[in-house]
Amino acid sequence: MKVTEHPSLKALNSFGVESSARLMVTLEQEEDLLTLPRFNPDTDVLLGGGSNVLFASDVPGTILLNRLQGRSIVRQDSSHAWVDAGAGENWNELVHWTLENGLSGLENLTMIPGLAGAAPIQNIGAYGVELASVLDSVTAWDMDRAIWTVFSAKDCQPAYRDSYFKTVEPDRFFITSIRLRLDRRFQPRLDYAGLAKELDAMGISQPNALDVSHAVTRLRRRKLPDPAKLGNAGSFFKNPLLGHAAASALAKRYPDLPQWQATEGSSKCSAAWMIEHCGFKGCRAGDAGVSEKHALVMVNHGNASGAEILELAREIQSTVRNEFDIELETEPKIIDFRA
Ligand code: FAD
Ligand code: EPU
């Protein structure tokens, strides 16, 4: 365990915004959790790779920085292998390690920034696959009761960019490890149309898992800004879920607005399209802005504060509300202790 006084958080969030805390405690082994003072959500923040947070203010208390390492194959049968990953494992490195070990299931989730422990928080998803499809269980330290708890995948209540940990009991459980159930025999999941097209463009008709991972990498490099060059947290807003009646009313008014079926009774519609339609794609207010590459991605051109990025995001929400009568939900955790 390492303790730092008044750390700068600029290098610890992918927006690269300036923020600081009173104290930062870096956890490198699970036992460190046993000696911690009680977590206070009114002053303290739990942080992984910082790729899905926006610091709109300083943190008056402590940053708990998860750096719990370790990954291993814990069990195998003829068709599956179960992999345990410490919460501080880099997600993308974990994906590549499983592929190198002949295991598949994570290839569509290649190149998502951040650490393994945050993956269940919003049930990370991309290119037609969500974590839920491979999640076996999650082990977490209950910071209210000071006990270990194991959650089955079902207990995590995974949903689109959501889970039990994000919505029902935020800031109560420190996830210390995750267990994944991966395939020993590759089954391609190419429902996302652009993925099959990318493989086509690569001249691959019978892809293996590495090919899919490579295609996803190419797509992501093309579509999304690199946080190492331009601060961002990926999609800043979720795609709205609409019931059948609302979806067809919207389609009538905006025939070009992309919509696709999400579940039996609901459709998702493209928040990026709505934001672009309202004229925000590539816009800039000082150093806060919206990516020129992708309208869902808010960016920091250098010295924007989190509060400035948040202000522009609120303006986007209000314009979209007036135009479409739809409330855009933010995806990253907004850390704002100003109120
Ligand atoms: P952080 O940003 O550190 O934390 C996010 C939230 O999880 C916070 O509320 C934090 O308190 C909580 N948390 C973190 N670790 C723990 C833990 N161990 N226990 C309990 N709570 C914890 N996401 C997708 O789903 N799909 C994408 O395609 C995608 N693309 C992205 C592209 C870019 C360029 C970027 C910058 C982000 C993208 N994201 C995407 C968002 C982000 O990568 C994921 O949400 C990722 O899982 C965040 O991991 P992290 O370790 O950085 O979490
Ligand atoms: N579009 C626009 N304008 C843009 C960008 C996209 O109109 O500037 C339209 C596209 O034409 C397309 C539709 O929006 O028809 C969807 O675009 P895309 O395939 O890029 O996906 P997305 O819905 O915008 C989601 C996730 C991403 C994930 C990709 C790929 C959310 C909020 N975002 O984006 O996740 O990588 O699909 O699966 O669901 C993240 O969560 O941070 C993230 C990057």
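Please work out the Cα convex hull volume for segment 72-193 and give it in Å³ per residue.
Numbers: hull volume 12.1 nm³, N = 122.
Per residue, the Cα convex hull of segment 72-193 comes to 99 Å³.
What percent does the relative contact order of segment 17-84 come to when contacts are Cα pairs within less than 8 Å and at least six residues apart?
Values: 92 pairs, mean separation 27.1, N = 68.
Once divided by the residue count of segment 17-84, the mean separation gives 40 percent.
Let me check against my output: what whole-number percent is the relative contact order of the chain, with C-alpha pairs under 8 Å and at least 6 apart? Show your work: numbers first, answer last.
Details: 721 pairs, mean separation 59.4, N = 339.
Answer for the chain is 18 percent.
Before anything else, pin down the relative contact order of segment 221-339: Cα pairs under 8 Å, at least 6 apart, normalised by residue count, whole percent.
Working: 180 pairs, mean separation 34.6, N = 119.
Computed over segment 221-339, the figure is 29 percent.
If you take every DSSP beta bridge whose two residues both sit in segment 1-93, what share of them, in percent to the nearest 5, is antiparallel?
Working: 10 of 19 bridges.
Given both bridge residues lie in segment 1-93, the antiparallel proportion sits at roughly 55 percent.
Each label point is 7 Å from the Cα along the Cα-to-Cβ direction; what then is the distance between the points at Arg185 and Asp287, in nm?
5.4
Based on the alpha-carbon gyration tensor of segment 1-136 and its eigenvalue square roots a ≥ b ≥ c, which shape applies: rounded if a/c is under 1.5, prolate if not and a/b is larger than b/c, or oblate?
Verdict is prolate for segment 1-136.
Amide H to amide H under 5 Å from Thr176: which residues, 5+ apart in sequence or cross-chain, H placed 1.01 Å off N in plane?
Long-range HN contacts for Thr176: Thr139, Ala140, Trp141.
What three numbers, in Å, describe the spread of the alpha carbons of segment 163-206 along their principal axes, ordered from the longest?
The Cα atoms of segment 163-206 stretch 48, 24, 14 Å along the principal axes, largest first.
Students often get this wrong, so check it: of Lys229/Lys333; Lys252/Lys281; Lys10/Lys238; Lys166/Lys333, which have C-alpha atoms separated by over 20 Å?
Check vs 20 Å cut-off fails for Lys229/Lys333; Lys252/Lys281; Lys10/Lys238.
In sequence order, what are the phi-derived ³J(HN,Hα) couplings for segment 19-24 according to the Karplus relation 6.51 cos²θ - 1.76 cosθ + 1.60 with θ = phi - 60°, rounded to whole Hz, with x for glycine and proline?
6, 9, 10, 6, 8, 10
Of Leu54, Leu250, Leu195, which is the most mobile in a GNM of the chain whose springs link Cα atoms less than 10 angstrom apart?
Leu250
With a point put 7 Å past each Cα toward its Cβ, work out how far Glu93 is from Arg222 in nm, to one decimal.
That separation, rounded to one decimal, is 3.0 nm.
Quick one: Debye curve from the C-alpha atoms of segment 158-248, no solvent, what's log10 I(q)/I(0) at q = 0.19, 0.26 Å⁻¹?
These q points yield log10 I(q)/I(0) values of -1.19, -1.18.
Taking the Cα centroid of segment 142-169 and of segment 170-238, what is the distance between the two, rounded to the nearest whole Å?
24
For Lys293, give me every one of the aspartates and glutamates with a C-alpha distance below 16 angstrom, ignoring sequence neighbours fewer than eight places off in its own chain.
Once the sequence-local aspartates and glutamates are set aside, what remains near Lys293 is Asp226, Glu276.
Would you tally the net charge around Met24, using a Cβ to Cβ cut-off of less than 10 Å, leaving Met24 out, and scoring K and R as +1, D and E as -1? It would help to have the intermediate numbers written out before the result.
Numbers: positive: Lys2, Arg22; negative: Glu5.
Overall, the nearby charge balance is +1.
Output the antiparallel fraction of DSSP beta bridges having both residues in segment 18-148, as a percent to the nearest 5.
On the way: 10 of 19 bridges.
So the antiparallel bridges in segment 18-148 amount to around 55 percent.
Mind checking the log10 I(q)/I(0) for segment 51-100 at q = 0.16 Å⁻¹? Debye, one equal scatterer per Cα, no solvent, two decimals.
-0.63
Can you give the alpha-carbon Rg of segment 220-339 over 2.2 N^0.38 Å, where N counts its residues? Could you put the intermediate results ahead of the total?
On the way: Rg = 14.8 Å, N = 120, 2.2 N^0.38 = 13.6 Å.
That works out to 1.09 for segment 220-339.
Can you tell me the order of 232-244, 201-213, 301-313, 274-286 when each peptide is scored by its average per-residue count of other Cβ atoms within 10 angstrom, highest first?
Numbers: 232-244: 20.7, 201-213: 15.1, 301-313: 18.8, 274-286: 17.2.
Put in order of decreasing packing, that is 232-244, 301-313, 274-286, 201-213.
Need one number: the % of Cα-Cα pairs in the chain sitting beyond the 27 Å mark.
Working: 27501 of 57291 pairs.
Here the tail beyond 27 Å accounts for 48 percent of pairs.
Under the 0.36 nm per residue contour assumption, what length would be gained going from the current alpha-carbon distance of Lys2 and Thr263 to full extension? Kindly include the intermediate steps, with their values, before the conclusion.
On the way: separation 261, 0.36 × 261 = 93.96 nm, distance 4.51 nm.
The span from Lys2 to Thr263 would gain 89.4 nm if fully extended.
Along segment 198-212, what does the Karplus equation 6.51 cos²θ - 1.76 cosθ + 1.60 (θ = phi - 60°) give for ³J(HN,Hα), rounded to whole Hz, x for Gly and Pro?
Computed from phi, the couplings for segment 198-212 are 5, 5, 4, 4, 7, x, 10, 9, 10, x, 9, 4, 5, 4, 5 Hz.
Express as a percent, rounded to the nearest 5, the fraction of DSSP beta bridges in the chain (both residues included) that run antiparallel.
Numbers: 51 of 63 bridges.
Beta bridges within the chain, antiparallel portion: roughly 80 percent.
Throughout, read-outs are computed from the coordinates displayed, never taken from laboratory work. Because the structure is predicted, anything quoted here is derived from the model rather than measured. Positions of Cβ are generated from backbone atoms using ideal geometry, with glycine treated the same way; all protein chains shown enter the neighbour counts.
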